[in-house]
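Notes follow the structure.
The values are calculated or read from the model by the stated rules, or taken from the named source; none is laboratory data. Worth saying up front: this structure is predicted, and the values here are computed from it rather than measured. Heads up, the Cβs are rebuilt from the backbone with ideal geometry, glycines too, and the neighbour counts pull from every protein chain shown. We work out accessible area using only protein heavy atoms, side chains counted, and drop any ligands, DNA or RNA first. Shrake-Rupley method; radii C 1.70, N 1.55, O 1.52, S 1.80 Å.
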Amino acid sequence: MKDYEVVVVGAGPVGSTFARYAAEKGLKVALFEKKKEIGVPLQCAGLLGNKIREVNILPDEFILNKIYGAHLYSPSNTMISMRKKEPLAYVLDRINYDKFLAQLAVDEGAELFLNHHVNGIDIENGEIYFKDKKVSAEIIVGADGYSSVVSNEFGNNSKTMQAVQYLVDTGKENFDDDYFQVNVNSEISPGFIWTIPLSKTSARVGIFSDYDYQSLNRILNTFMASDEKLKDATVLKKYHGQIPVYNPKNDIIKKRAILIGDSASQVKPTTGGGLIIGFICAKIASEIVYEAIKSKNMDILKNYQKEYRKMYKNELTMQLKVQKAYESLNNDNLDSVILKLKENEIGKIVSEYGDLDSQSPLMKKLLKSGVIFSVLPGLISRKIFGL
Ligand SMILES: Cc1cc2nc3c(=O)[nH]c(=O)nc-3n(C[C@H](O)[C@H](O)[C@H](O)COP(=O)(O)OP(=O)(O)OC[C@H]3O[C@@H](n4cnc5c(N)ncnc54)[C@H](O)[C@@H]3O)c2cc1C
């Protein structure tokens with residue numbers, strides 16, 4: 001007899017959400033978290049597409065700001081703007097939201113153990129090892145983020161990108177807090193710089209790319225010094241973190257174990273956002289794990305990988321292509337592409353078809369209308385999109 005039916009490694013937002021679903025179904029669940037306090041330090045810009053309301057519980061108290069539109073800047077500052085009537089995204093208080101999600105799991109009956117670092121697991125026998133003890137489970141769920149012990153056990157190839165973020169205050173009403181801002185530049189592609197206002201005076205300004213933290217700090221400081229809205233801002237806090245690179249070849253199930261969230265690299269290649277995909281996969285996984293436990297048949301876990309690939313393979317592959325196209329452009333190309341997109345009144349198409357989480361409808365529209373072909377250098381569009 002095992003100690004638990006399910007052990008979840010990592011009480012991040014995705015692990016806690018999975019633990020809640022599993023406990024709701026009546027499974028005996030333990031949630032092990034290495035930190036003493038859930039959610040700290042902050043490692044997120046906290047920008048979530050409005051789909052969050054469909055895929056998880058989100059009380060208003062965790063929403064710091066509502067975003068209606070975006071401004072995209074080219075390297076030489078040509079700007080494209082788009083806006084929706086309803087909020088297209090929310091800026092969250094991630095630290096307190098993470099704590100809230102863990103509490104919901106506990107309320108449903110999951111046992112939460114803080115300060116419990118999982119050092120290793122046995123995916124054949126369902127054992128989880130700590131410094132001075134071990135526990136057993138029918139199924140182990142790796143929700144332990146980008147440096148996942150569980151994913152390592154699978155032998156997955158897990159690459160990450162680095163991210164640096166500052167919390168800034170300008171002391172003046174410098175931001176239109178309805179809009180978030182993205183600045184692209186070939187120096188940092190496939191990453192970009194974001195400015196996400198929390199209010200008219202404060203924002204999260206960050207960068208992700210494949211440089212080390214020191215270089216990212218240098219690039220971000222240079223950017224801020226040259227940006228009218230940010231040049232006199234006070235940096236109140238600095239954060240850094242890592243973003244897994246989506247790898248379609250990685251396995252997300254093996255024997256008695258599965259992966260969800262960042263540990264499964266369930267992250268959008270274009271934006272580095274992982275929460276919404278992670279929450280959707282936590283739900284699918286909880287249903288399949290329940291079935292596998294009740295029928296005592298671990299083969300059923302294979303349905304999780306099948307279901308995930310059915311739902312996300314096309315979308316994420318399309319995003320990898322967009323990322324590849326972006327990476328192959330130099331700054332002159334980026335300037336001319338963004339200028340041409342502006343001349344083609346792309347903002348209108350994006351306002352209608354743009355969705356932070358499902359980007360393929362917009363890409364299909366742009367491909368069908370020929371816009372992509374007319375703005376991207378011919379060779380690149382042919383190579384990447386097979387046009
Ligand atoms: C700077 C930055 C900005 C981002 N901005 C956004 C954004 O705006 N929108 C968005 O959707 N996504 C964003 N992301 C990505 C998002 O933060 C992640 O996709 C999300 O946190 C994934 O949740 P998770 O629960 O899978 O993993 P995590 O949040 O990483 O949680 C994993 C948990 O496991 C614990 N853990 C790890 N190892 C062990 C172990 N061995 N034993 C026990 N516990 C362990 C960790 O302490 C942690 O609590 C951003 C990421 C970064 C770095």
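Tabulated data
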{"item": "Complete set of residues in the stretch 256-267 that are within 12 Å of the ligand (Cβ to nearest atom) and open to solvent by 20 Å² or more (accessible area, probe 1.4 Å)", "result": "ASP262"}
{"item": "Hits in the stretch 282-340 (condition: farther than 26 Å from GLY145 by Cα and among the acidic types (Asp, Glu))", "result": "ASP332, ASP335"}
{"item": "Selection status of LEU198, farther than 30 Å from ASN314 by Cα, touching a residue at least 24 places away in the same chain (Cβ under 8 Å) and either within 16 Å of the ligand (Cβ to nearest atom) or of a type in the set (Gly, Ala, Ser) (or both)", "result": "yes"}
{"item": "Extreme residue, nearest to ALA110 (Cα to Cα), among residues of the stretch 142-170 that are more than 11 Å from the ligand (Cβ to nearest atom) and part of a strand (DSSP E or B)", "result": "LEU167"}
{"item": "Test: residue in the stretch 209-218 that is within 12 Å of the ligand (Cβ to nearest atom), outside the structural domain of ASP176 (by TED's automatic domain parsing) and open to solvent by 20 Å² or more (accessible area, probe 1.4 Å)", "result": "no"}
{"item": "Verdict on LYS99 being open to solvent by 50 Å² or more (accessible area, probe 1.4 Å), farther than 18 Å from GLY12 by Cβ and not aromatic (Phe, Trp, Tyr)", "result": "no"}
{"item": "Unique match (being touching a strand residue (DSSP E or B) at 6+ places or on another chain (Cβ under 6 Å), under 23 Å from ILE38 (Cα atoms), of a type in the set (D, E, K, R) and open to solvent by 20 Å² or more (accessible area, probe 1.4 Å)) among GLU111, GLU138", "result": "GLU111"}
{"item": "Filter pass, GLY109 being in contact with a Gly (Cβ under 7 Å, 6 or more places away or on another chain) and either part of a loop (DSSP other than H, G, I, E, B) or basic (Lys, Arg) (or both)", "result": "no"}
{"item": "Residue match in the stretch 12-25 (condition: in a loop (DSSP other than H, G, I, E, B) and either closer than 30 Å to ASN333 by Cα or of a type in the set (A, V, I, L, M) (or both))", "result": "no"}
{"item": "Residue that is nearest to the ligand (Cβ to nearest atom) [pool: residues in the stretch 234-255 that are over 27 Å from LEU220 (Cβ atoms) and surrounded by 22 or more Cβ atoms within 10 Å (Cβ to Cβ)]", "result": "ILE252"}
{"item": "Qualifying positions in the stretch 16-62 - within 11 Å of the ligand (Cβ to nearest atom), open to solvent by 60 Å² or more (accessible area, probe 1.4 Å) and closer than 14 Å to ASP98 by Cα", "result": "LYS35, LYS36, GLU37, PRO41, GLN43"}
{"item": "Pairs with Cβ under 7 Å, 6+ apart, first in the stretch 100-112 and within 11 Å of TYR21 (Cβ to Cβ), second open to solvent by 50 Å² or more (accessible area, probe 1.4 Å) and in a strand (DSSP E or B)", "result": "ALA105/LEU112"}
{"item": "Residue in the stretch 296-309 that is more than 22 Å from GLY49 (Cβ to Cβ), within 16 Å of the ligand (Cβ to nearest atom) and assigned to a helix (DSSP H, G or I) present", "result": "yes"}
{"item": "Search result, residues across the stretch 145-183 that are touching a Gly at 6+ places or on another chain (Cβ under 7 Å), more than 30 Å from ILE67 (Cβ to Cβ) and not polar (S, T, N, Q)", "result": "VAL149, VAL150"}
{"item": "Subset of the stretch 114-130 that is away from the ligand (no atom under 11 Å from the Cβ) and assigned to a loop (DSSP other than H, G, I, E, B) - its residue that is least open to solvent (accessible area, probe 1.4 Å)", "result": "GLY126"}
{"item": "So LYS249, is it free of Cβ contacts under 8 Å to residues at least 60 places away in the same chain and assigned to a loop (DSSP other than H, G, I, E, B)", "result": "no"}
{"item": "Given (1) hydrophobic (A, V, I, L, M, F, W, C); (2) surrounded by fewer than 20 Cβ atoms within 10 Å (Cβ to Cβ); (3) within 30 Å of LYS340 (Cβ to Cβ), number of the condition LEU104 does not satisfy", "result": "(3)"}
{"item": "Only one of LYS340, LYS364 that is at pLDDT 70 or above, out of contact with any strand residue (DSSP E or B) (no Cβ under 8 Å at 6 or more places or on another chain) and open to solvent by 70 Å² or more (accessible area, probe 1.4 Å)", "result": "LYS340"}
